[in-house]
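Chemist: Before I ask anything, let me first share the structure, which is written out below as structure tokens.
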Amino acid sequence: MPTTSPVSRIAALLALAAAVVVVLLILLGGGSSYRVTAEFENASQLVKGNPVRVAGVSAGSVKSIKLADDGQALVEMEVSDKYSPLPQGTHASIRSQSLSGIANRYVDLSLPPEEAPPIEDGGHITQVDTTSEVDLDQLFNALDEKTVAGLRSVIKGFARSYDGVGLQANKGFHYLNPFLSTSRRVFGELNSDQPALESLIVDGASLSDALASRAPDLEALVGNLNGMMGAIGRHEADLASSVEQLPDFMRQFNTTAVNLRAALDDVDPLIDASRPVARKLKPFARRLRGFAKDAVPTIKGLDGIVKRKGKANDLIELTKLQVPLREIGVGPVVRSGASREGTLPASTDALNDGLPILSYFRPYTPELIGWFDDFGHSGVADANGGIGRISTTVNAFSLSGGVPGLPNLTNAGVLSPGTLIGQLDIDNLRRCPGANERDPGDGSTPFTDNGALDCDTSEVPTGP
């Protein structure tokens, strides 16, 4: 059996040592390391070795925790090469991995949505971009015993309400995450302009103080509105009729809503084309804040609309007029020593009583329009243009037989009563529609609506 030389044994030992070093470097995270220090108001039970995560993915660990001169917690974190270097604007938050446990914290890093300069190795994340964990005991310690007891009852009530419906509740909570994420973006936009937000809060406080100073006036306004709503509520029968008709309306609306689905699909291309424009509206929304600030004096000026010196010139007095107006409109009211119905019921009765008259006149519409049209036209039109017809009316009793070309109308018997009555057709009081027109031969005149009209077809003009 061959023997191993000393040189071979030494080479084998060196190779083994190199392999051990490589394994240790891999296990201990050998290579270049990137570290940053985050300044927190409170370390929130964070300890050395707690993980650092980005969007729930492991990105490093906590290396040390120190106390700064100003009392803040300096948390040094080592970040893996995949996420280093961190961009400026990165937000660090201390979160809990579960509701139970001790020192079960981790640091969550939220990267900014836009590109930003990097944070150098050994750099700092200031307290502006950090959020400490708030423990439940801190919240409960701020409450008194009565509030804690009430909160305990609320928690027990939630437990009873979700008993047996946990699966359905979890399905509902599935849609809560998009709402919360979008709400975070909304509040982020609100916090982006701290001076404007502070001005809004201050101006809102001023508005609240102005309203508080007008407490008696607002109380009168609410009281008058209560009276008006009470007057409306006393008509239970009318309200019940409206509610009874509502299901039919909703069924018709349901059909309309179903038909709108196809229209919504057609609107999708418009929405897709509008998205780039909506992003460009962001600068406009920022400028709109200035408009809101300038509108503060206008809002304050609304105080004069609610209450103003004088009579019949403000909103409170307008609401006081609603109750008398309701009494006159709905009734009954006492006028001239008697109880009379209101304007609206009287108008309803008048319209109902007028329907037979309108129904009677409706077939005579052509005659009525022709009659009205005679007042709007003074002539006719021919090939030469508009012309006017002029007739001469002569008093027969002023003529004598000495006028050439005219008969002597004063002769006895020419205008005798018997001659006149014989030429007149009187007592035509029940003519049918279209009776003044000659029958063209198809029986279309006079119009009787298949005998439904109460008229006399024999009452027609004299002559052929």
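Chemist: Name the residues in the stretch 278-296 that are surrounded by 11 or more Cβ atoms within 10 Å (Cβ to Cβ) and more than 14 Å from GLU189 (Cα to Cα), would you?
Modeler: Those that are surrounded by 11 or more Cβ atoms within 10 Å (Cβ to Cβ) and more than 14 Å from GLU189 (Cα to Cα): ALA292, LYS293, ALA295, VAL296.
Chemist: A further question follows. Which one of the conditions (1) among the basic types (Lys, Arg); (2) free of Cβ contacts under 8 Å to residues at least 40 places away in the same chain; (3) under 30 Å from GLY329 (Cβ atoms) does LYS307 fail to meet, given that it meets all the rest?
Modeler: Only one criterion in (1) among the basic types (Lys, Arg); (2) free of Cβ contacts under 8 Å to residues at least 40 places away in the same chain; (3) under 30 Å from GLY329 (Cβ atoms) is unmet by LYS307, namely (2).
Chemist: Is it fair to say ILE316 is part of a helix (DSSP H, G or I), within 30 Å of ILE232 (Cα to Cα) and not charged (D, E, K, R)?
Modeler: Judged against the criteria, ILE316 is a match.
Yes/no matrix, rows are residues, columns are (1) loosely packed, with under 11 Cβ neighbours inside 10 Å; (2) in the same structural domain as ALA292 (by TED's automatic domain parsing):
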{"site": "ILE155", "(1), (2)": "yes, no"}
{"site": "ALA159", "(1), (2)": "yes, no"}
{"site": "GLY166", "(1), (2)": "yes, no"}
{"site": "SER181", "(1), (2)": "yes, no"}
{"site": "PHE187", "(1), (2)": "yes, no"}
{"site": "ASP209", "(1), (2)": "yes, yes"}
{"site": "ALA212", "(1), (2)": "yes, yes"}
{"site": "PRO216", "(1), (2)": "yes, yes"}
{"site": "GLY227", "(1), (2)": "no, yes"}
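Chemist: Please go through the stretch 50-80 and give me each residue that is over 28 Å from SER181 (Cα atoms) and either in a strand (DSSP E or B) or over 48 Å from the mean Cα position of the chain (by Cα) (or both), ordered by number.
Modeler: LYS63, SER64, ILE65, LYS66, LEU67, ALA68, ASP69, ASP70, GLY71, ALA73, LEU74, GLU76, listed by residue number.
Chemist: Of a type in the set (A, V, I, L, M) and at pLDDT 85 or above, is that true of ILE102?
Modeler: Against the criterion (of a type in the set (A, V, I, L, M) and at pLDDT 85 or above), ILE102 does not qualify.
Chemist: Could you count how many residues in the stretch 31-49 are part of a loop (DSSP other than H, G, I, E, B) and either exposed (fewer than 15 other Cβ atoms within 10 Å of the Cβ) or at pLDDT 90 or above (or both)?
Modeler: Result for the stretch 31-49: 7.
Chemist: Looking at (1) touching a Leu at 6+ places or on another chain (Cβ under 7 Å); (2) over 22 Å from ALA205 (Cβ atoms), which is the only condition VAL306 fails?
Modeler: It fails just one condition, (2).
Chemist: Which condition breaks for LEU358 when tested against (1) more than 30 Å from GLU236 (Cβ to Cβ); (2) surrounded by 12 or more Cβ atoms within 10 Å (Cβ to Cβ)?
Modeler: Going through (1) more than 30 Å from GLU236 (Cβ to Cβ); (2) surrounded by 12 or more Cβ atoms within 10 Å (Cβ to Cβ) one by one, LEU358 breaks only (2).
Chemist: Still on this structure: From the list LEU139, LEU67, LEU143, pick out the single residue that is exposed (fewer than 11 other Cβ atoms within 10 Å of the Cβ) and either in contact with a Pro (Cβ under 6 Å, 6 or more places away or on another chain) or more than 13 Å from PHE40 (Cα to Cα) (or both).
Modeler: After applying the criteria, what remains is LEU139.
Residues are listed down the side, and each one gets a yes or a no for (1) modelled with pLDDT under 85; (2) in a loop (DSSP other than H, G, I, E, B):
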site: GLU114; (1), (2): yes, yes
site: ASP121; (1), (2): no, yes
site: VAL134; (1), (2): yes, yes
site: ALA149; (1), (2): no, no
site: THR182; (1), (2): yes, no
site: GLU189; (1), (2): yes, no
site: ILE201; (1), (2): no, no
site: LEU207; (1), (2): no, no
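Chemist: Additional query: I'd like to verify a number: residues in the stretch 310-339 that are out of contact with any Lys or Arg (no Cβ under 8 Å at 6 or more places or on another chain) and either without any contact (Cβ under 8 Å) to a residue 12 or more places away in the chain or surrounded by fewer than 12 Cβ atoms within 10 Å (Cβ to Cβ) (or both), how many?
Modeler: Adding up the residues that qualify gives 13.
Chemist: Shifting gears a bit: Suppose we filter ARG251, ARG326 for residues that are more than 22 Å from the chain's Cα centre (by Cα) and modelled with pLDDT of 80 or more; which single one remains?
Modeler: The conditions single out ARG251.
The values are calculated or read from the model by the stated rules, or taken from the named source; none is laboratory data. No experiment lies behind these values; they were computed from the predicted model shown. Positions of Cβ are backbone-derived with ideal geometry, glycine not excepted, and every protein chain shown enters the neighbour counts.
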